[in-house]
1. Run the numbers on the stretch 19-78 and let me know its relative contact order in percent, using alpha-carbon pairs under 8 Å that are six or more apart.
2. Using 32 Å as the Cα-Cα cut-off, could you pick out the over-long pairs in Lys43/Lys155; Lys27/Lys54; Lys54/Lys155; Lys57/Lys144?
3. Residues of the stretch 177-199 with backbone nitrogen within less than 18 Å of a virtual label 7 Å along the Cα-to-Cβ line of Glu138, please, listed as ranges.
4. Say R0 is 45 Å: what FRET efficiency, to the nearest 0.05, do Leu152 and Ala30 get from their beta-carbon distance?
5. Could you give log10 I(q)/I(0) at q = 0.14, 0.22 Å⁻¹ for the stretch 118-194, computed by the Debye formula over C-alpha point scatterers of equal weight, without solvent?
6. Separation between the Ser18 and Arg216 pseudo-spin-labels, each 7 Å from Cα along Cα→Cβ, expressed in nm?
Amino acid sequence: MKRYIFIIALVAGCATYSESVQTANTKTEAGQTESAIANLNQKLDVHTEADLPKKFKGNRTLLVLERATLLQAIGRYDLAARDMVLVDQHMAWLDINKTTKDALGKYLYSGDDALYRSPPHERMMLNQLNIVNFLALENYSAAKVEARRFQLLEKFFAQQKERPITPSVLATGNYLSGVAFEGGRDYDEAVRCYGRAFHFGIRDTDIEARIIDLVRVTGRTEREFDSA
C-alpha cells in the first residue's frame, strides 16, 4: 500500500522518533497497515486505536498523527479525524486571531524545542487531510471548519517570506476547501476556493466547468471572481 504520510520525511533527522516508528514503517511498506497501527498503539501505551494516550508528551503527538494517517488509509475516517483534531490541538500552535503578527512570528521561528512546531506547509496539510476525513464522513460542517483553518493559515503564511508555501499545497488545499464549502452549500466560498485552486495549478476541464456553474449560481460577476 502506498503511503501518503507527510510528516515522516520532515522529521527523519530526529533519531529518537525515526527509531520509534521504524517497525511501523516496515510493516506499512509490506502492506501490513493494521499491524503497523497495532505497533503504534503499543508505542502509545494504548490497547487499540480507539484509545488515546493519557498524556501527549515527547513524540506522542507525532505518533498519533502517524496512526491517524494510517487509519485514514484503511478507511477509518472517524478515528483518523479524531486523532488529527487532537494533534492539531497539541502542535504548540497559537490562535492567530488573538496573537499579534510579531508575537506569532517570534513563536514560530524561535529556537525553543520544548514542543513540536510544524513548518507551514506541514501544518496546512494537516487541515487538508482532515477535510478528506470529514468529507468521507459527509460531515460538511466539520469539513468547513477545517477549510476555514486552512484559509487562515494560508493568509498568514503568505506574508511570511522566510518559509514560502509551494503552489501545489495551496492548489490542493483550496480545491479541498472548495469541495467542503460546496458540500456545505456555501457556494460563494466554494467558487472562491475553486478559483484559487485553478490559479495555483489545478486546471482541468472539470474544475473549469464547476467554476462556471457556481459563478452562475452565485450571481458573481467576472470581475468579482477574478479578485477573489
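1. Relative contact order for the stretch 19-78 comes out at 27 percent.
2. Lys43/Lys155; Lys54/Lys155
3. Taking a point 7 Å out along Cα→Cβ of Glu138, the residues of the stretch 177-199 whose backbone N falls under 18 Å are 179-186.
4. 0.70
5. -0.39, -0.89
6. Placing both labels 7 Å beyond Cα along the Cβ direction yields 5.5 nm.
All of the numbers you see were taken from the coordinates with simple rules; none came from a lab. Nothing here was measured: the structure is a model prediction, and the numbers come from that model. A quick note on method: Cβ atoms are made from the backbone with ideal geometry, for glycine too, and the neighbour counts reach across all protein chains shown.
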